[in-house]
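The values are calculated or read from the model by the stated rules, or taken from the named source; none is laboratory data. Here the structure is a predicted model, which is why all the values come from computation and not from measurement. Please note: Cβ atoms are built from the backbone with ideal geometry, for glycine as well, and neighbour counts cover all protein chains shown. What goes into the accessible areas is simple: the full protein's heavy atoms, side chains included, and nothing from ligands, DNA or RNA. Shrake-Rupley method; radii C 1.70, N 1.55, O 1.52, S 1.80 Å.
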Amino acid sequence: MKNASLLISLLLIIGNSCTKPKISACDTQNNKLHFKFDFPIGVAVDHNKLFFQPEYAELSTSQFNSFTAENAMKMSQLQPLEGQFFFDDAEAILDLAVVNRIQIHGHTLVWHNQIPNWLENFEGTQRDWEELLKKHIQTVVGHFKGRIESWDVVNEAFEEDGSLRKSIWLEHIGPDYIIKAFQWAKEVDPDALLFYNDFNLALNEKKRKKVIQYFTKAAAQGLQIDGIGMQMHINTSYPTTTEIGNCITEIWQAGFKVHISELDISINHKGDDIAFPGTEALKKQADKAYVIFKLYQNLPPEFQHGITFWGLRDNDSWIPSTFNRTDFPLLFDREYRPKPIYCKLIQSL
Ligand code: G3I
(Lines give C-alpha, C1' and ligand atoms only; values in the text may rest on other atoms or scores of the structure.)
Protein backbone atom coordinates (compact mmCIF):
# COMPACT_ATOMS: atom_id res chain seq x y z
CA MET A 1 0.00 0.00 0.00
CA LYS A 2 2.77 2.34 0.97
CA ASN A 3 4.48 1.98 -2.47
CA ALA A 4 1.23 2.78 -4.26
CA SER A 5 0.75 6.05 -2.35
CA LEU A 6 4.39 6.96 -2.96
CA LEU A 7 3.94 6.30 -6.68
CA ILE A 8 0.76 8.40 -6.77
CA SER A 9 2.42 11.31 -4.98
CA LEU A 10 5.38 11.13 -7.40
CA LEU A 11 3.03 11.17 -10.38
CA LEU A 12 1.21 14.16 -8.89
CA ILE A 13 4.49 16.08 -8.47
CA ILE A 14 5.58 15.29 -12.04
CA GLY A 15 2.14 16.11 -13.42
CA ASN A 16 1.98 19.36 -11.54
CA SER A 17 5.38 20.53 -12.77
CA CYS A 18 4.37 19.77 -16.35
CA THR A 19 1.22 21.88 -16.10
CA LYS A 20 2.82 24.97 -14.54
CA PRO A 21 3.18 27.76 -17.10
CA LYS A 22 6.81 27.99 -18.16
CA ILE A 23 8.14 31.41 -17.20
CA SER A 24 10.85 32.22 -19.65
CA ALA A 25 14.04 31.68 -17.74
CA CYS A 26 16.04 33.95 -20.03
CA ASP A 27 13.96 37.04 -20.60
CA THR A 28 16.03 40.22 -20.66
CA GLN A 29 13.91 41.94 -18.01
CA ASN A 30 14.89 39.60 -15.22
CA ASN A 31 18.36 38.72 -16.49
CA LYS A 32 21.39 40.92 -17.08
CA LEU A 33 24.17 39.09 -18.90
CA HIS A 34 27.02 41.01 -17.27
CA PHE A 35 25.77 40.15 -13.76
CA LYS A 36 26.53 36.51 -14.50
CA PHE A 37 30.30 36.92 -14.85
CA ASP A 38 33.25 38.27 -12.89
CA PHE A 39 34.82 39.71 -16.05
CA PRO A 40 33.45 42.49 -18.32
CA ILE A 41 30.84 41.56 -20.92
CA GLY A 42 31.01 44.02 -23.79
CA VAL A 43 29.24 45.00 -26.98
CA ALA A 44 30.33 47.00 -30.01
CA VAL A 45 27.92 49.93 -30.23
CA ASP A 46 26.85 52.17 -33.08
CA HIS A 47 26.50 55.84 -32.18
CA ASN A 48 23.37 56.56 -34.24
CA LYS A 49 21.53 53.47 -33.03
CA LEU A 50 22.42 54.28 -29.42
CA PHE A 51 20.87 57.72 -29.67
CA PHE A 52 18.01 57.21 -32.11
CA GLN A 53 16.81 53.69 -31.26
CA PRO A 54 15.65 53.54 -27.59
CA GLU A 55 15.33 49.73 -27.49
CA TYR A 56 18.91 49.43 -28.81
CA ALA A 57 20.12 51.78 -26.06
CA GLU A 58 18.09 50.05 -23.34
CA LEU A 59 19.35 46.56 -24.20
CA SER A 60 22.96 47.71 -24.69
CA THR A 61 23.11 49.58 -21.38
CA SER A 62 21.32 46.91 -19.35
CA GLN A 63 22.94 43.70 -20.59
CA PHE A 64 26.57 44.83 -20.87
CA ASN A 65 29.15 46.59 -18.66
CA SER A 66 31.69 47.36 -21.39
CA PHE A 67 31.31 49.27 -24.65
CA THR A 68 33.55 49.35 -27.69
CA ALA A 69 32.67 52.03 -30.25
CA GLU A 70 32.18 50.01 -33.43
CA ASN A 71 33.35 52.96 -35.57
CA ALA A 72 33.21 56.25 -33.65
CA MET A 73 36.78 56.08 -32.34
CA LYS A 74 38.50 55.11 -35.57
CA MET A 75 40.85 57.55 -37.31
CA SER A 76 38.41 58.34 -40.13
CA GLN A 77 35.82 59.39 -37.55
CA LEU A 78 38.06 61.19 -35.06
CA GLN A 79 40.28 63.10 -37.52
CA PRO A 80 38.15 63.43 -40.66
CA LEU A 81 40.18 66.42 -41.83
CA GLU A 82 43.91 66.83 -41.35
CA GLY A 83 44.50 68.36 -37.94
CA GLN A 84 40.77 68.72 -37.25
CA PHE A 85 39.44 66.34 -34.58
CA PHE A 86 35.78 65.40 -34.11
CA PHE A 87 35.02 63.92 -30.71
CA ASP A 88 31.25 64.54 -30.44
CA ASP A 89 30.05 61.03 -31.26
CA ALA A 90 32.73 59.34 -29.16
CA GLU A 91 31.98 61.71 -26.26
CA ALA A 92 28.27 60.95 -26.48
CA ILE A 93 28.96 57.24 -26.25
CA LEU A 94 31.32 57.86 -23.34
CA ASP A 95 28.73 59.99 -21.52
CA LEU A 96 26.10 57.27 -21.87
CA ALA A 97 28.58 54.67 -20.68
CA VAL A 98 29.58 56.68 -17.62
CA VAL A 99 26.00 57.22 -16.40
CA ASN A 100 25.39 53.48 -16.79
CA ARG A 101 28.67 52.51 -15.08
CA ILE A 102 29.90 50.94 -18.30
CA GLN A 103 33.62 50.90 -19.09
CA ILE A 104 34.93 51.82 -22.52
CA HIS A 105 37.51 49.91 -24.58
CA GLY A 106 38.98 52.31 -27.14
CA HIS A 107 39.09 50.98 -30.71
CA THR A 108 41.41 51.68 -32.53
CA LEU A 109 44.33 54.09 -32.77
CA VAL A 110 46.27 52.52 -35.67
CA TRP A 111 44.66 50.45 -38.43
CA HIS A 112 45.15 50.09 -42.16
CA ASN A 113 41.37 50.36 -42.67
CA GLN A 114 38.98 53.29 -42.23
CA ILE A 115 41.74 55.86 -42.57
CA PRO A 116 40.53 59.36 -43.48
CA ASN A 117 40.44 60.43 -47.11
CA TRP A 118 43.04 63.18 -46.57
CA LEU A 119 45.53 60.53 -45.47
CA GLU A 120 45.19 58.71 -48.77
CA ASN A 121 46.72 61.74 -50.45
CA PHE A 122 49.22 62.73 -47.74
CA GLU A 123 52.75 63.14 -49.00
CA GLY A 124 55.77 63.56 -46.74
CA THR A 125 58.98 62.15 -45.38
CA GLN A 126 59.16 59.27 -42.94
CA ARG A 127 59.46 61.85 -40.19
CA ASP A 128 56.35 63.67 -41.47
CA TRP A 129 54.41 60.37 -41.33
CA GLU A 130 55.71 59.64 -37.84
CA GLU A 131 54.69 63.10 -36.65
CA LEU A 132 51.26 62.63 -38.22
CA LEU A 133 50.63 59.32 -36.48
CA LYS A 134 52.13 60.51 -33.17
CA LYS A 135 49.88 63.56 -33.24
CA HIS A 136 46.79 61.41 -33.88
CA ILE A 137 47.57 58.95 -31.11
CA GLN A 138 48.58 61.54 -28.53
CA THR A 139 45.69 63.90 -29.30
CA VAL A 140 43.14 61.08 -29.01
CA VAL A 141 44.61 59.28 -26.00
CA GLY A 142 45.26 62.62 -24.31
CA HIS A 143 41.70 63.76 -24.95
CA PHE A 144 40.23 60.69 -23.24
CA LYS A 145 42.94 60.34 -20.59
CA GLY A 146 41.59 58.83 -17.39
CA ARG A 147 38.18 58.12 -18.95
CA ILE A 148 39.07 55.29 -21.35
CA GLU A 149 40.83 52.55 -19.44
CA SER A 150 42.08 50.44 -22.36
CA TRP A 151 42.94 50.88 -26.03
CA ASP A 152 43.44 48.77 -29.10
CA VAL A 153 46.62 50.66 -29.95
CA VAL A 154 47.36 48.71 -33.14
CA ASN A 155 44.83 46.59 -35.01
CA GLU A 156 45.56 43.81 -37.54
CA ALA A 157 49.24 44.54 -38.25
CA PHE A 158 50.15 40.93 -39.16
CA GLU A 159 49.47 38.92 -42.31
CA GLU A 160 48.22 35.33 -42.10
CA ASP A 161 51.78 34.04 -42.67
CA GLY A 162 53.01 35.97 -39.62
CA SER A 163 54.80 38.69 -41.58
CA LEU A 164 54.02 42.35 -40.99
CA ARG A 165 51.01 43.56 -43.02
CA LYS A 166 52.09 45.77 -45.92
CA SER A 167 50.02 48.72 -44.70
CA ILE A 168 50.29 52.44 -45.27
CA TRP A 169 51.99 52.68 -41.89
CA LEU A 170 54.63 50.05 -42.63
CA GLU A 171 55.26 51.64 -46.02
CA HIS A 172 55.83 55.17 -44.74
CA ILE A 173 57.19 54.70 -41.19
CA GLY A 174 58.78 51.27 -41.30
CA PRO A 175 58.38 48.21 -39.04
CA ASP A 176 58.95 50.21 -35.86
CA TYR A 177 55.59 51.98 -36.23
CA ILE A 178 54.02 49.36 -33.98
CA ILE A 179 56.45 49.89 -31.10
CA LYS A 180 56.33 53.66 -31.56
CA ALA A 181 52.52 53.66 -31.46
CA PHE A 182 52.51 51.92 -28.07
CA GLN A 183 55.22 54.26 -26.76
CA TRP A 184 53.32 57.36 -27.90
CA ALA A 185 50.14 56.12 -26.24
CA LYS A 186 51.92 55.36 -22.99
CA GLU A 187 53.56 58.79 -22.92
CA VAL A 188 50.18 60.55 -22.65
CA ASP A 189 48.28 58.02 -20.53
CA PRO A 190 50.61 55.75 -18.53
CA ASP A 191 47.62 54.23 -16.72
CA ALA A 192 45.70 53.05 -19.79
CA LEU A 193 45.89 49.34 -20.61
CA LEU A 194 47.40 48.95 -24.09
CA PHE A 195 46.35 46.11 -26.41
CA TYR A 196 47.29 44.64 -29.74
CA ASN A 197 44.18 43.33 -31.56
CA ASP A 198 43.88 40.87 -34.44
CA PHE A 199 41.72 38.20 -36.07
CA ASN A 200 42.31 34.47 -36.77
CA LEU A 201 44.62 34.13 -33.75
CA ALA A 202 42.81 30.95 -32.66
CA LEU A 203 42.46 29.51 -36.14
CA ASN A 204 45.96 30.34 -37.39
CA GLU A 205 48.59 28.97 -35.03
CA LYS A 206 51.49 30.30 -37.14
CA LYS A 207 50.13 33.86 -37.03
CA ARG A 208 49.36 33.58 -33.32
CA LYS A 209 52.85 32.42 -32.44
CA LYS A 210 54.45 35.20 -34.51
CA VAL A 211 52.26 37.83 -32.81
CA ILE A 212 52.98 36.51 -29.31
CA GLN A 213 56.70 36.20 -30.14
CA TYR A 214 56.80 39.80 -31.43
CA PHE A 215 55.14 41.33 -28.37
CA THR A 216 56.99 39.08 -25.91
CA LYS A 217 60.26 40.42 -27.35
CA ALA A 218 58.96 44.00 -27.29
CA ALA A 219 57.80 43.66 -23.68
CA ALA A 220 61.18 42.20 -22.70
CA GLN A 221 62.75 45.33 -24.19
CA GLY A 222 60.57 47.51 -21.98
CA LEU A 223 57.46 48.18 -24.09
CA GLN A 224 54.17 48.50 -22.17
CA ILE A 225 51.80 46.06 -23.88
CA ASP A 226 49.18 44.80 -21.43
CA GLY A 227 47.10 42.51 -23.55
CA ILE A 228 46.20 40.90 -26.83
CA GLY A 229 42.74 41.01 -28.35
CA MET A 230 41.68 37.84 -30.13
CA GLN A 231 38.80 39.13 -32.23
CA MET A 232 37.02 35.77 -32.67
CA HIS A 233 34.99 36.38 -35.78
CA ILE A 234 34.20 32.68 -35.93
CA ASN A 235 31.53 30.22 -36.96
CA THR A 236 29.93 27.11 -35.54
CA SER A 237 32.49 24.87 -37.30
CA TYR A 238 35.85 26.54 -36.70
CA PRO A 239 38.07 27.32 -34.92
CA THR A 240 37.73 24.25 -32.78
CA THR A 241 37.46 24.26 -29.00
CA THR A 242 41.05 23.02 -28.83
CA GLU A 243 42.30 25.84 -31.07
CA ILE A 244 40.44 28.45 -29.03
CA GLY A 245 41.72 26.99 -25.76
CA ASN A 246 45.30 26.92 -27.06
CA CYS A 247 45.05 30.55 -28.13
CA ILE A 248 43.75 31.73 -24.77
CA THR A 249 46.39 29.71 -22.93
CA GLU A 250 49.32 30.83 -25.08
CA ILE A 251 48.38 34.50 -24.73
CA TRP A 252 48.04 34.55 -20.97
CA GLN A 253 51.02 32.27 -20.36
CA ALA A 254 53.09 34.77 -22.36
CA GLY A 255 52.00 37.31 -19.75
CA PHE A 256 49.31 39.19 -21.66
CA LYS A 257 45.70 39.85 -20.67
CA VAL A 258 43.23 38.15 -23.01
CA HIS A 259 40.41 40.16 -24.58
CA ILE A 260 37.94 38.23 -26.72
CA SER A 261 37.37 41.51 -28.46
CA GLU A 262 34.94 41.07 -31.39
CA LEU A 263 33.00 37.85 -30.84
CA ASP A 264 30.42 36.81 -33.38
CA ILE A 265 29.51 33.23 -34.31
CA SER A 266 28.29 32.83 -37.88
CA ILE A 267 25.76 30.09 -38.51
CA ASN A 268 25.75 30.53 -42.29
CA HIS A 269 29.42 30.98 -43.21
CA LYS A 270 28.87 28.92 -46.38
CA GLY A 271 26.39 31.52 -47.57
CA ASP A 272 23.43 29.18 -48.06
CA ASP A 273 20.25 30.77 -49.28
CA ILE A 274 18.38 30.83 -45.97
CA ALA A 275 15.86 33.36 -44.68
CA PHE A 276 15.80 32.22 -41.09
CA PRO A 277 18.19 30.36 -38.77
CA GLY A 278 17.46 26.69 -38.18
CA THR A 279 16.89 25.33 -34.67
CA GLU A 280 19.89 23.02 -34.92
CA ALA A 281 22.18 25.83 -36.12
CA LEU A 282 21.06 28.07 -33.25
CA LYS A 283 21.77 25.26 -30.79
CA LYS A 284 25.27 24.76 -32.25
CA GLN A 285 25.87 28.51 -31.92
CA ALA A 286 24.71 28.46 -28.29
CA ASP A 287 26.89 25.44 -27.51
CA LYS A 288 29.93 27.10 -29.11
CA ALA A 289 29.45 30.25 -27.04
CA TYR A 290 29.04 28.14 -23.89
CA VAL A 291 32.37 26.41 -24.56
CA ILE A 292 34.13 29.73 -25.20
CA PHE A 293 32.84 31.19 -21.94
CA LYS A 294 33.80 28.04 -20.01
CA LEU A 295 37.34 28.24 -21.44
CA TYR A 296 37.52 31.94 -20.60
CA GLN A 297 36.29 31.39 -17.04
CA ASN A 298 39.35 29.15 -16.46
CA LEU A 299 41.67 32.09 -17.14
CA PRO A 300 43.39 33.49 -14.04
CA PRO A 301 41.30 36.59 -13.21
CA GLU A 302 44.22 39.00 -13.63
CA PHE A 303 44.40 37.95 -17.28
CA GLN A 304 40.67 38.40 -18.02
CA HIS A 305 40.00 41.67 -19.86
CA GLY A 306 36.56 40.47 -20.91
CA ILE A 307 34.46 39.15 -23.75
CA THR A 308 33.00 41.67 -26.21
CA PHE A 309 30.33 40.81 -28.78
CA TRP A 310 30.75 42.58 -32.09
CA GLY A 311 27.25 44.00 -32.26
CA LEU A 312 23.91 43.74 -30.47
CA ARG A 313 21.35 42.16 -32.84
CA ASP A 314 21.92 39.90 -35.81
CA ASN A 315 20.93 42.73 -38.15
CA ASP A 316 23.49 45.06 -36.51
CA SER A 317 26.32 42.75 -37.55
CA TRP A 318 28.93 43.77 -40.13
CA ILE A 319 28.81 40.25 -41.60
CA PRO A 320 25.68 40.16 -43.79
CA SER A 321 26.53 43.34 -45.70
CA THR A 322 30.26 42.57 -45.89
CA PHE A 323 29.87 39.03 -47.20
CA ASN A 324 26.51 39.55 -48.92
CA ARG A 325 24.79 36.71 -47.11
CA THR A 326 22.12 36.23 -44.49
CA ASP A 327 23.58 35.40 -41.11
CA PHE A 328 22.60 35.39 -37.47
CA PRO A 329 25.89 35.74 -35.52
CA LEU A 330 24.90 37.61 -32.35
CA LEU A 331 22.93 37.33 -29.08
CA PHE A 332 19.64 38.96 -30.08
CA ASP A 333 17.35 38.83 -33.11
CA ARG A 334 16.22 41.85 -35.07
CA GLU A 335 13.27 42.33 -32.65
CA TYR A 336 15.70 42.49 -29.69
CA ARG A 337 14.54 39.04 -28.56
CA PRO A 338 17.09 36.80 -26.83
CA LYS A 339 18.24 33.86 -28.94
CA PRO A 340 19.28 30.40 -27.67
CA ILE A 341 22.90 31.65 -27.44
CA TYR A 342 21.83 34.25 -24.85
CA CYS A 343 19.66 31.77 -22.95
CA LYS A 344 22.48 29.23 -22.84
CA LEU A 345 24.84 31.78 -21.31
CA ILE A 346 22.22 32.91 -18.80
CA GLN A 347 21.01 29.46 -17.80
CA SER A 348 24.07 27.23 -18.00
CA LEU A 349 26.98 29.24 -16.61
O1 G3I B 1 29.72 56.55 -41.99
C2 G3I B 1 29.52 56.20 -43.37
C3 G3I B 1 28.23 56.84 -43.89
O4 G3I B 1 28.38 58.25 -43.87
C5 G3I B 1 27.97 56.34 -45.31
O6 G3I B 1 26.73 56.86 -45.76
C7 G3I B 1 27.92 54.80 -45.30
C8 G3I B 1 27.65 54.22 -46.67
O9 G3I B 1 28.83 54.27 -47.44
O10 G3I B 1 29.19 54.28 -44.84
C11 G3I B 1 29.41 54.68 -43.49
O12 G3I B 1 30.65 54.17 -43.07
C13 G3I B 1 30.61 52.75 -42.86
C14 G3I B 1 31.03 52.49 -41.39
O15 G3I B 1 31.14 51.08 -41.15
C16 G3I B 1 30.04 53.10 -40.41
O17 G3I B 1 28.79 52.48 -40.56
C18 G3I B 1 31.63 52.11 -43.80
O19 G3I B 1 31.16 52.23 -45.12
C20 G3I B 1 31.77 50.63 -43.46
O21 G3I B 1 32.84 50.07 -44.21
C22 G3I B 1 32.14 50.49 -41.97
O23 G3I B 1 32.20 49.10 -41.68
C24 G3I B 1 32.87 48.80 -40.43
C25 G3I B 1 34.13 47.99 -40.74
O26 G3I B 1 34.78 47.63 -39.51
C27 G3I B 1 35.10 48.81 -41.57
O28 G3I B 1 36.12 47.94 -42.02
C29 G3I B 1 31.94 47.95 -39.58
O30 G3I B 1 30.82 48.73 -39.17
C31 G3I B 1 32.66 47.43 -38.35
O32 G3I B 1 31.86 46.49 -37.65
C33 G3I B 1 33.96 46.73 -38.74
O34 G3I B 1 34.62 46.37 -37.59
C35 G3I B 1 35.93 45.78 -37.78
C36 G3I B 1 36.75 46.15 -36.58
O37 G3I B 1 36.81 47.56 -36.47
C38 G3I B 1 38.14 45.54 -36.69
N39 G3I B 1 38.05 44.09 -36.81
C40 G3I B 1 37.24 43.65 -37.96
C41 G3I B 1 35.83 44.24 -37.85
C42 G3I B 1 34.97 43.77 -39.00
O43 G3I B 1 35.47 44.29 -40.21
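Residues in the stretch 120-136 near a label at E171, defined as backbone nitrogen under 17 Å from the 7 Å Cα→Cβ point? Within reach of a label on E171: 120-130, 132-133.
For trypsin sites (Lys or Arg not before Pro), the sites in the stretch 151-239 that DSSP calls loop and that have at most 10 other Cβ atoms within 10 Å are K166. Per residue, the accessible area of the stretch 79-130 comes to 54 Å², computed with a 1.4 Å probe over protein heavy atoms only.
Put a dot 7 Å past the Cα of D191, heading toward its Cβ, do the same for E302, and the two dots end up 2.0 nm apart.
For the chain, the longest principal axis of the alpha carbon atoms and the long axis of helix 241-253 meet at an angle near 50°. Accessible area per residue for the stretch 254-349 is 42 Å², calculated with a 1.4 Å probe on protein heavy atoms, without ligands, DNA or RNA. Available extension along the chain between T242 and R337 is 31.1 nm, counting 0.36 nm per residue and deducting the alpha carbon span.
Could the peptides 46-53, 131-138, 338-345 be put in order, highest first, of the mean number of other beta-carbon atoms found within 10 Å of their residues?
Ranked by mean Cβ neighbours within 10 Å, highest first: 338-345, 131-138, 46-53.
Given +1 at the Cβ of Lys and Arg, -1 at the Cβ of Asp and Glu and no other charges, the dipole of the chain around its Cα centre is 1500 debye to the nearest 20.
The length gained on full extension between N324 and F86, counted as 0.36 nm times the residue separation minus their Cα-Cα distance, comes to 82.6 nm.
Loop only per DSSP, at most 15 neighbouring Cβ atoms within 10 Å: give me the GluC sites (Glu not before Pro) in the stretch 51-123, ordered by residue number. Filter output for the stretch 51-123: E82, E123. The length gained on full extension between Y290 and T216, counted as 0.36 nm times the residue separation minus their Cα-Cα distance, comes to 23.6 nm. Of the accessible area of the chain, computed with a 1.4 Å probe over protein heavy atoms only, carbon and sulfur atoms account for 52 percent. Counting charges near S266 (Lys, Arg +1; Asp, Glu -1) among other residues having Cβ under 13 Å from its Cβ returns a value of -1.
Here the simple spin-label model places points 7 Å from the Cα toward Cβ, and for E55 and N315 these points are separated by 0.8 nm.
Bridges between two residues of the stretch 59-186, per DSSP, are antiparallel at a rate of about 20%. The simple spin-label model puts a point 7 Å past each Cα toward its Cβ; for A254 and T279 those points are separated by 4.4 nm. If you wrap the tightest convex hull around every Cα atom of the chain and split its volume per residue, you get 162 Å³. The Cα center of the stretch 140-160 and the Cα center of the stretch 283-349 differ in position by 23 Å.
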